[in-house]
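S.K.: Sharing a structure below in structure tokens format, with a few things to ask.
The values are calculated or read from the model by the stated rules, or taken from the named source; none is laboratory data. All values derive from a computational prediction rather than experimental measurement. Using ideal geometry, Cβ is built from the backbone for each residue, glycine included, and neighbour counts are taken over all protein chains shown. Please note that ligands, DNA and RNA were not included when accessible areas were found on the heavy atoms of the full protein model with its side chains. Shrake-Rupley method; radii C 1.70, N 1.55, O 1.52, S 1.80 Å.
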Amino acid sequence: MSSKLASPQMVLNSRMLYTSWIPADPAAAARLLPPALKPAANHAIYMNQYVVDSAEQTTGFGAYSLTYLGLDVAGHPAPDGVTPGRFFTNYFNSSEVVRQYARERGVPATPGTTTLEVAGGIVTATTHVDGRPIIRTRAEVGDVADITLAGHLRYITQVRDRLVSGNYPYVGELVSKFNVLSIEFLDPAHPVYALRPASPLQVVAGSSFYAPRDSFVYPGGEYDMGPANGKREHAEDRELAAV
């Protein structure tokens, strides 16, 4: 059964905590990539934990919460030519409507919930799967400020045996102060533990933020990147893939 939602979909004013770090085991993380992709030179991991509080903030998704994460990859930057492209390895979403839409586009969408709470100048984002917490992030945050972050991210997915690239435009309203305090992977038995951060924590500068209001389109500008196994294909194969 295919999703009845039109593409792309828009989300307004989500509450979002976006972080990036150097992993404890870069080799284990790299093994999660398809052969056609290679990790970025710094082996960075990215993660987005966010909440959409009401259906009125979306064009069809409804309210939901989500944590997704994966690897920065080499050689496939976002439209700005600087921000690395990113491959999804995990995607824990509370809504089957959104999971179905995402799975059709090659995203490894599975059930999960995310909470974001702000108290005493600390935002805490907790990701739950099967009722138990598996990731918890804490960051020191200030008040909403007249600071806007806007652009495109490039996310790469695998649809059957092919890679697909999509551009995701966003506009985020940031806070006056932001400092990541901790990123904890709480369940060593869960496969996502392969992406845990090194100790001491090494946050990637310029790739982490907290936005009390972040809006984005999901996705646009999609195109076929070729076989996920990295093998060269003949011209007739590319023609068939485009049909």
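S.K.: Which residue, Gly106, Gly166, Gly81, tops the fluctuation ranking in a GNM of the chain built on C-alpha contacts under 10 Å?
M.R.: The residue with the greatest mean-square fluctuation here is Gly81.
S.K.: Would you please give the residues with an amide H less than 5 Å from that of His76, counting only those at least 5 places away or on a separate chain, with H modeled from the backbone geometry?
M.R.: Gly85
S.K.: Okay, next question. Would segment 88-226 count as rounded, prolate or oblate if I go by the C-alpha gyration tensor, calling it rounded below 1.5 in a/c and otherwise prolate when a/b exceeds b/c, oblate otherwise?
M.R.: oblate
S.K.: Here is a follow-up. Rg and Dmax in Å for the chain, alpha carbons only: what are they?
M.R.: 17.5, 60
S.K.: Next up: For a test of the definition: using alpha carbon positions, the gyration tensor, and the 1.5 limit on a/c, classify segment 1-75 as rounded, prolate or oblate.
M.R.: Prolate.
S.K.: Give me the accessible area per residue for the chain, probe 1.4 Å, as a whole number in Å².
M.R.: The answer is 46 Å² per residue.
S.K.: Next question. For Val144 and Leu181 in the same chain, what is the full-extension length gain: residue separation times 0.36 nm, less their Cα-Cα distance, in nm?
M.R.: Here the answer is 11.4 nm.
S.K.: Right, another one. Hey, what's the Kirkwood Rh for segment 168-207 if you take every pair of different alpha carbons, in angstrom?
M.R.: Mean inverse Cα-Cα distance, inverted, gives 13.0 Å.
S.K.: Using only the Cα atoms of segment 1-135, what are the Rg and Dmax in Å?
M.R.: Every Cα atom of segment 1-135 included, Rg and Dmax give 15.6, 46 Å.
S.K.: Right, something else. Got the relative contact order for the chain handy, in percent, Cα pairs under 8 Å and 6 or more residues apart?
M.R.: Relative contact order of the chain: 24 percent.
S.K.: If you take the C-alpha gyration tensor of segment 51-109, multiply each eigenvalue by 5 and take the square root, what semi-axes do you get, largest first, in whole Å?
M.R.: Values: eigenvalues 124, 37, 20 Å².
Taking √(5λ) for each eigenvalue gives 25, 14, 10 Å, largest first.
S.K.: Any idea which of Pro39, Ala125, Tyr91 is furthest toward the positive side of the dipole for the chain, if Lys and Arg beta-carbons carry +1 and Asp and Glu beta-carbons -1?
M.R.: Pro39
S.K.: Another one. Given Cα pairs under 8 Å that are at least 6 residues apart, what percent is the relative contact order of segment 113-243?
M.R.: Contact order relative to length: 24 percent.
S.K.: Continuing with the same structure: Ordered by packing density, taken as the mean number of other Cβ atoms within 10 Å over each peptide's residues, highest first, how do 71-77, 52-58, 14-20, 196-202 rank?
M.R.: 14-20, 71-77, 52-58, 196-202
S.K.: Could you check the spin-label model distance between Tyr223 and Arg160? Points 7 Å from the Cα along Cα→Cβ, value in nm.
M.R.: 2.1
S.K.: Using a probe of 1.4 angstrom, how much of the accessible area of segment 112-202 is carbon and sulfur, in percent?
M.R.: 49
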